[in-house]
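Enquirer: Following this message is one structure expressed as structure tokens.
The values are calculated or read from the model by the stated rules, or taken from the named source; none is laboratory data. This one's a predicted model, so the numbers in the text were calculated from it and none came from an experiment. In this analysis, Cβ positions are derived from the backbone assuming ideal geometry, glycine residues included, and neighbour counts consider all displayed protein chains.
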Amino acid sequence: MMQEQVNIHVRRAVVLHGLPSYLHEDTSTFIKTWDMTHYDEPDIREMPLGLLLIRVSSTNATFFCPEKIAVLIEVNIIIDITTLADAFVVLFALTYALHLNYPKCLANTFDFIQKVLMGLEDGKLRPKVLSLKNDLLAAE
């Protein structure tokens, strides 16, 4: 998947999908997929904050490259974005602006994105997040 011909948006999506798995966190209540060709409405009842990967009509849309990504807050679709990385940035901005809590099931993932990837805060890192940061720095 990470070959040179793959575009940067797919690479970012692979990293963002893999990060919770690496940190042993569950994304089932944060990231959902909606195939509009099979279902009229998405099942977002249990998503107070999350991302909805939308497949509209293309057979080429994949888990890593959906046609649209919707940002969800309190079971409402707020905005549609074209890339997963951009959807995460919008979600972070809305979380800060609206003073929302991060999903508990993804505490380490959001902590890593906020403090390591975005550099928004230099506070103390959780052990799993610190371990990942050290592993990444050692690989350079």
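Enquirer: Quick check on region 88-114: of everything there that is more than 15 Å from the chain's Cα centre (by Cα) and in a helix (DSSP H, G or I), which residue is modelled with the lowest pLDDT?
Expert: Only one residue tops the list, namely Tyr96.
Enquirer: Going residue by residue through region 78-100, is there one that turns out to be touching a Gly at 6+ places or on another chain (Cβ under 9 Å) and within 17 Å of His9 (Cβ to Cβ)?
Expert: Among the residues of region 78-100, at least one is touching a Gly at 6+ places or on another chain (Cβ under 9 Å) and within 17 Å of His9 (Cβ to Cβ), which makes the answer yes.
Enquirer: Right, another one. Name the pairs whose Cβ atoms lie under 6 Å apart, with the first residue in region 100-125 and closer than 16 Å to Thr29 by Cα, the second surrounded by fewer than 17 Cβ atoms within 10 Å (Cβ to Cβ) and of a type outside the set (Val, Ile, Thr), and 6 or more positions between them or separate chains?
Expert: Hits for this filter: Cys105/Asp26; Asn108/Arg126.
Let's see how each residue does on (1) among the hydrophobic types (A, V, I, L, M, F, W, C); (2) modelled with pLDDT of 90 or more; (3) surrounded by fewer than 14 Cβ atoms within 10 Å (Cβ to Cβ); (4) touching a helix residue (DSSP H, G or I) at 6+ places or on another chain (Cβ under 9 Å):
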site	(1), (2), (3), (4)
Thr29	no, no, no, yes
His38	no, no, yes, no
Pro42	no, no, no, no
Thr59	no, no, yes, no
Ala70	yes, yes, no, yes
Val75	yes, no, yes, no
Ile81	yes, yes, no, yes
